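The values are calculated or read from the model by the stated rules, or taken from the named source; none is laboratory data. If you're wondering where the values come from, they're calculated on a predicted model, not measured in any experiment. Cβ coordinates were reconstructed from backbone atoms using ideal geometry, including for glycine residues, and neighbour counts include every protein chain displayed.
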Amino acid sequence: MEEKIKKIAMFIDGTFFLKVNSYYRYHHERKSTINFNGLAEFLRDEVSKLESSDKRYCQVVEVHWFRGRYSTSQLEKKYPDDTYRLTQMTNERRIDDIFMYEGIVTHNYPLLVDSRTGEAEEKGIDVWFSLETYELTILKHFDVVVLIAGDTDYVPLIRKINGLGTRVMVLGWDFNYETTSSAGRSYKVTTRTSQALIDECVYPIMMDKRIDDRTSKNDPIVNALFNV
């Protein structure tokens, strides 16, 4: 009997991903950013092994990106300097271009700005992430749903998807590094994937350990995760 396609869908918490990307670009020996095509190949390779399926039949059929975003008026208030604001908007457009060419579906949610402190908060994006992921899994019958996220808030989502019979894979990262603020003060930055996410999913993969493992040094699948 001919093997059926294993449909893989990837859902990315943009804020978490950008922390990971910044770490590898500025604070890791690789000094590079993550390549989405390489990430898709990594997932196909992993799913083929975990599901005992030919890699040809393991396909990443959809990728979705979720992140809070400043509106134009919010940017004008936050960055009154025209040159700096233009840089911010250009960077956002550059990311949009990458997603457009990679076929990644973007879901941008307006950031809420606290009127007292002026600080922006990503309220509501995790709810939208969960609802969209669950609905698409029901409608499109994905075989494996991949979450790039670190927040405990996604545990109910994993439990719901488990109930559908779809396997959930979590790509997690734990890392920390020392950096310096604009005022010259040193401080430590820590990023960690919730243990609850790892415990609830079927396929937990700690990417920091996979990437840094000495046995992966010459692994073309791992090396292809990064832009040259």
Quick check on region 186-228: of everything there that is part of a helix (DSSP H, G or I) and of a type in the set (K, R), which residue is modelled with the lowest pLDDT? R214
So which of V170, V155, V127 ends up being within 19 Å of R44 (Cβ to Cβ), under 20 Å from the mean Cα position of the chain (by Cα) and surrounded by 12 or more Cβ atoms within 10 Å (Cβ to Cβ)? V170
For L111, which of the numbered conditions (1) buried (at least 17 other Cβ atoms within 10 Å of the Cβ); (2) under 15 Å from the mean Cα position of the chain (by Cα); (3) at pLDDT below 95 fails to hold? (2)
I'd like the full set of residues that are part of a helix (DSSP H, G or I) and out of contact with any helix residue (DSSP H, G or I) (no Cβ under 9 Å at 6 or more places or on another chain), limited to region 1-17. F16, F17
Residues that are loosely packed, with under 15 Cβ neighbours inside 10 Å and on the phi > 0 side of the Ramachandran plot: does region 173-185 have at least one? yes
Output yes when any residue across region 138-147 is touching a residue at least 24 places away in the same chain (Cβ under 8 Å), assigned to a helix (DSSP H, G or I) and not aromatic (F, W, Y), and no when none is. yes
